[in-house]
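Written below as structure tokens is the structure these notes are about.
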């Protein structure tokens, strides 16, 4: 999963530099920030996450058809 880290240059209350980290969507060719984790493996420290748009798409594919 692509990750971006921004060093702010500002110190937190402990004197350490504040660092902001964002993860990008795992969907191919998507540059949006990931907001929902699909799954993870604690043993190897890996997870998959997608943006809001792709999470909604995956959820709609999983829902059973609604009765009319």
Original post:
Against the longest principal axis of the chain, how steep is helix 52-62, in degrees 0 to 90 to the nearest 10, with axes from Cα atoms?
Top reply: 30
Original post:
In percent, what relative contact order does the chain have, based on Cα pairs under 8 Å that are 6 or more apart in sequence?
Top reply: 23
Subject >> Within the chain, helix-based [θ] at 222 nm, where runs of 4 or more DSSP H residues each add -39,500 (n - 2.57), nearest 500 >> reply: -5000 deg cm²/dmol
Original post:
For the chain, what are the per-bin percents of Cα-Cα distances with bins 10 Å wide, up to the bin holding the maximum?
Top reply: 18, 33, 28, 14, 5, 2, 0
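Taken together, the values in this text are just the output of simple stated rules run on the coordinates, not laboratory data. Please read these numbers as outputs of a predicted model, since none were measured by experiment.
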